[in-house]
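The values are calculated or read from the model by the stated rules, or taken from the named source; none is laboratory data. What you see is a predicted model, and the numbers here were worked out from it, not measured in a lab. Note that we place each Cβ from the backbone using ideal geometry, even for glycine, and neighbour counts take in every protein chain shown. Note: areas computed on protein heavy atoms with side chains; ligands, DNA, RNA excluded. Shrake-Rupley method; radii C 1.70, N 1.55, O 1.52, S 1.80 Å.
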Amino acid sequence: MKLSVNIDHVATLRQARKGKDPDLLQAAFEVVKAGADGITFHLREDRRHIQDEDVYILKKEIKKPLNFECALNEEIINIVLNIVPEWATIVPERREELTTEGGLDVIGLKDKIMKYLSPLKDKGIKVSLFVEPEKNQIEAAKEIGADAIEIHTGNYANLIDPFKKEEELNKIKESVAFAKKNGLIIHAGHGLNYENTYDIVNIKDIDELSIGHSIISRAVFVGLYTAVKEMINIVKNKKA
Ligand code: PXP
């Protein structure tokens, strides 16, 4: 299983003062040096963390696969088309949300997604759709020609009741099996941390995890290199 590290919150800290520190590219280099398989970032419509110039610098300097999270927004999709990352992950976006709150309604947004899917794929960009662990959404993703789905693990991560958590984990497992049967590549992420990632890692058909907030938070105490290494040890099922 691969780990792509989401570095949005390095930029969140930088934007707190709108200066240069902490340097985002330096952080990306550190993440790569620690052994991560890729770098993820989300250029939001409101530019609250990652800025336009960041994505061009990352494209120029980072040799590992980039995963560009984006909303169904023409301006942002045009930037994705200029950058040509390995992956475009399409996510829903609401201005007032603190973070992405749920999966994309692939069924309801089919036409809008398809409008952007072909130009992305024509450029050789692989497209992943961020979805809830629901078969009908996964089926719709397959139907419109997505390369991958990213299963939203946020609800699983937030649940405290052990029975409900187990239920959500089972939904994720069934969704992964269903997506695999349909020939989709499977990513997963949101809310994963140094405790709850173990159960997700045991779902073997997931190809890649996208993890950000917990790694950047841990980095405050142990440094980014060590925080990434510790998460890699979990994701690669290695003893620390
Ligand atoms: N996957 C998607 C689609 C996301 O939007 C985010 C948050 O930007 C993540 C994964 C990473 O979530 P977290 O920061 O909670 O690890």
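Is it fair to say Ser217 is surrounded by 16 or more Cβ atoms within 10 Å (Cβ to Cβ), within 16 Å of the ligand (Cβ to nearest atom) and small (Gly, Ala, Ser)? Judged against the criteria, Ser217 is not a match.
The single residue among Ile90, Ile79 that is surrounded by 22 or more Cβ atoms within 10 Å (Cβ to Cβ) and among the β-branched types (Val, Ile, Thr) turns out to be Ile90. With the requirement that a residue be away from the ligand (no atom under 15 Å from the Cβ) and open to solvent by less than 50 Å² (accessible area, probe 1.4 Å), what does the stretch 176-200 give you? Once the filter is applied, which keeps residues that are away from the ligand (no atom under 15 Å from the Cβ) and open to solvent by less than 50 Å² (accessible area, probe 1.4 Å), the stretch 176-200 yields Val176, Phe178, Ala179, Asn182, Leu184. Mind checking whether some residue in the stretch 20-37 is over 25 Å from Leu192 (Cα atoms) and within 17 Å of the chain's Cα centre (by Cα)? Checking the stretch 20-37: not a single residue is over 25 Å from Leu192 (Cα atoms) and within 17 Å of the chain's Cα centre (by Cα).
Okay, residues lined up against (1) touching a residue at least 24 places away in the same chain (Cβ under 8 Å); (2) over 15 Å from Ser210 (Cβ atoms):
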site: Lys2; (1), (2): yes, no
site: Ile7; (1), (2): yes, no
site: Arg17; (1), (2): no, yes
site: Ala28; (1), (2): yes, no
site: Gly38; (1), (2): yes, no
site: Asp54; (1), (2): yes, yes
site: Lys59; (1), (2): yes, yes
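Of all residues in the stretch 207-226, those satisfying the criterion of being among the hydroxyl-bearing types (Ser, Thr, Tyr) and closer than 15 Å to Thr12 by Cβ are Ser214, Ser217. Against the definition (part of a loop (DSSP other than H, G, I, E, B), at pLDDT below 95, closer than 20 Å to Pro133 by Cβ and open to solvent by 20 Å² or more (accessible area, probe 1.4 Å)), how does Lys238 come out, yes or no? When the stated conditions are applied, Lys238 does not pass them.
Listed here are the residues, each with its yes/no results for (1) crowded, with 17+ Cβ neighbours inside 10 Å; (2) at pLDDT 95 or above.
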| position | (1), (2) |
| --- | --- |
| Arg95 | no, no |
| Leu98 | no, no |
| Lys121 | no, yes |
| Gly124 | no, yes |
| Ile138 | yes, yes |
| Ala141 | yes, yes |
| Ile151 | yes, yes |
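Residues in the stretch 201-214 that are open to solvent by 50 Å² or more (accessible area, probe 1.4 Å) and more than 10 Å from the ligand (Cβ to nearest atom) were compared, and the one that is modelled with the lowest pLDDT is Lys204. For the stretch 59-76, how many residues meet the condition of being among the β-branched types (Val, Ile, Thr) and either within 16 Å of the ligand (Cβ to nearest atom) or open to solvent by 20 Å² or more (accessible area, probe 1.4 Å) (or both)? Residues that pass the stated criteria total 1. Taking the listed residues His9, His49, the one that is touching a helix residue (DSSP H, G or I) at 6+ places or on another chain (Cβ under 9 Å), open to solvent by 20 Å² or more (accessible area, probe 1.4 Å), at pLDDT 95 or above and near the ligand (Cβ under 10 Å from one of its atoms) is His9, with no other qualifying.
Scanning the stretch 83-117 for residues that are in a helix (DSSP H, G or I) and either within 16 Å of the ligand (Cβ to nearest atom) or in contact (Cβ under 8 Å) with a residue 12 or more places away in the chain (or both) yields Ile83, Lys110, Lys112, Ile113, Met114, Tyr116, Leu117.
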